[in-house]
1. Just the residues that are among the small types (G, A, S) and surrounded by 15 or more Cβ atoms within 10 Å (Cβ to Cβ), please, taken from region 200-240.
2. Can you tell me which residue is surrounded by the most Cβ atoms within 10 Å (Cβ to Cβ) among those in region 72-87 that are farther than 28 Å from A112 by Cβ, touching a Gly at 6+ places or on another chain (Cβ under 8 Å) and not aliphatic (A, V, I, L, M)?
3. Report the residue count in region 136-146 for those that are free of Cβ contacts under 8 Å to residues at least 24 places away in the same chain and surrounded by 16 or more Cβ atoms within 10 Å (Cβ to Cβ).
4. Among the hydrophobic types (A, V, I, L, M, F, W, C), under 20 Å from R202 (Cβ atoms), in a strand (DSSP E or B) and at pLDDT 95 or above: is that true of V73 in this structure?
5. Hey, which of the strands (runs of 3 or more DSSP E) in region 86-173, taking only ones fully inside, have at least 2 residues that are under 19 Å from the mean Cα position of the chain (by Cα) and of a type in the set (S, T, Y)?
6. Condition first: within 30 Å of I228 (Cα to Cα) and touching a residue at least 40 places away in the same chain (Cβ under 8 Å). Can you find one or more residues in region 77-88 that meet it?
7. Would you say A105 is under 22 Å from E231 (Cβ atoms), touching a helix residue (DSSP H, G or I) at 6+ places or on another chain (Cβ under 9 Å) and either among the acidic types (D, E) or modelled with pLDDT of 95 or more (or both)?
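The values are calculated or read from the model by the stated rules, or taken from the named source; none is laboratory data. On a predicted model such as this, the values are computed, not experimentally measured, just so you know. Virtual Cβ from ideal backbone geometry, glycine too; neighbours counted across all protein chains shown.
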Amino acid sequence: MMDGAAQHRVDPLAYRVGGATVGENLARAVAAGRLVAHDDGTWELRLGMGTPGRWLTNGRSWDVPCRSMNRFVFNLAYGRRQVPWHCRNCYKVKIQPRSLRQLLAVRRLFDAVQWATKCGLDIATWAGRGVYGGFVYCDGLEVARRAWHALRAQVDAAPQLGPDVPMRIKRGCTDYEMACGPSDRYRFDPAQEAVERWLVARLRPAPPQREVPMRMAILDWAKFAFQIGDETYRDVVGPQDPHPGTVAYDPGPPV
């Protein structure tokens with residue numbers, strides 16, 4: 001049985017993106033230590049390329065393999081010059097809480113929605129805009145618009161949120177737009193589909209990771225809130241400071 005690339009007569013490694021071929025881009029990634037090429041023809045992403053910070057999801061499924069498409073296809077195979085075909089219909093409703101208290105309210109709201117979601121520290125991502133973030137994943141702009149209106153009503157009615165909490169619809173990952181320009185001008189080549197299927201079929205799975213307990217993630221959020229002066233960290237840890245102040249010593253007279 002032929003895979004997608006062979007079936008569509010596409011040579012994935014010779015596919016050209018922005019002046020370089022996929023094969024050339026992957027060779028550069030291997031030379032730079034960002035990718036491991038194995039003798040069996042598979043690749044493996046180097047550890048340490050992931051996004052820092054802890055996110056909580058609502059457990060709903062999402063069809064796009066984000067790790068493979070962003071970290072492998074976009075960043076390495078396409079050299080950050082082309083948005084992946086498989087991400088073309090990805091839209092997100094972003095809710096931007098202004099405090100830890102509001103982030104926790106968004107997390108509770110997400111438990112009941114029908115779409116896949118994540119929320120956490122947006123500032124912990126290199127492409128993040130804002131401190132806290134909640135994201136709803138939608139298949140297509142019209143779905144995102146329906147989700148926006150449904151969520152806007154819920155956010156407005158929530159006692160700890162309200163109409164002042166910013167919400168917007170965005171397309172795909174922020175780093176796509178940073179590298180490839182405005183998302184309403186993206187262009188896609190149907191040949192990408194077969195190239196990407198061929199590539200992802202040869203990417204080794206990431207090592208299994210233990211799921212972060214919700215309590216641990218929220219405690220991390222609270223620690224960060226304390227560090228930036230967000231007093232609503234006390235909603236999580238209580239009245240005590242998580243880190244008591246250290247003794248400050250008099251420098252004394254000049255010697």
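1. A217, A222, A225, listed by residue number.
2. Residue satisfying both the conditions and the ranking: Y78.
3. First pass over region 136-146, keeping only residues free of Cβ contacts under 8 Å to residues at least 24 places away in the same chain: 142, 146.
Going one step further and asking which of them are surrounded by 16 or more Cβ atoms within 10 Å (Cβ to Cβ), we end up with none.
Looking only at that region, the number is 0.
4. On the way: among the hydrophobic types (A, V, I, L, M, F, W, C): yes; under 20 Å from R202 (Cβ atoms): yes; in a strand (DSSP E or B): no; at pLDDT 95 or above: yes.
So V73 does not fit the description; no.
5. Numbers: elements: 90-95, 116-121, 132-139, 167-171.
So the answer is 132-139.
6. Taking region 77-88 first, the residues within 30 Å of I228 (Cα to Cα) are none.
No, because not a single residue in region 77-88 is within 30 Å of I228 (Cα to Cα) and touching a residue at least 40 places away in the same chain (Cβ under 8 Å).
7. Values: under 22 Å from E231 (Cβ atoms): yes; touching a helix residue (DSSP H, G or I) at 6+ places or on another chain (Cβ under 9 Å): yes; either among the acidic types (D, E) or modelled with pLDDT of 95 or more (or both): yes.
Considered against the rule, which asks whether it is under 22 Å from E231 (Cβ atoms), touching a helix residue (DSSP H, G or I) at 6+ places or on another chain (Cβ under 9 Å) and either among the acidic types (D, E) or modelled with pLDDT of 95 or more (or both), A105 comes out as yes.
Yes or no, residue by residue, for (1) over 30 Å from D241 (Cα atoms); (2) of a type in the set (G, A, S):
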| position | (1), (2) |
| --- | --- |
| R129 | no, no |
| V136 | yes, no |
| D164 | no, no |
| C180 | yes, no |
| V200 | yes, no |
| L219 | no, no |
| A222 | no, yes |
| A225 | no, yes |
| I228 | no, no |
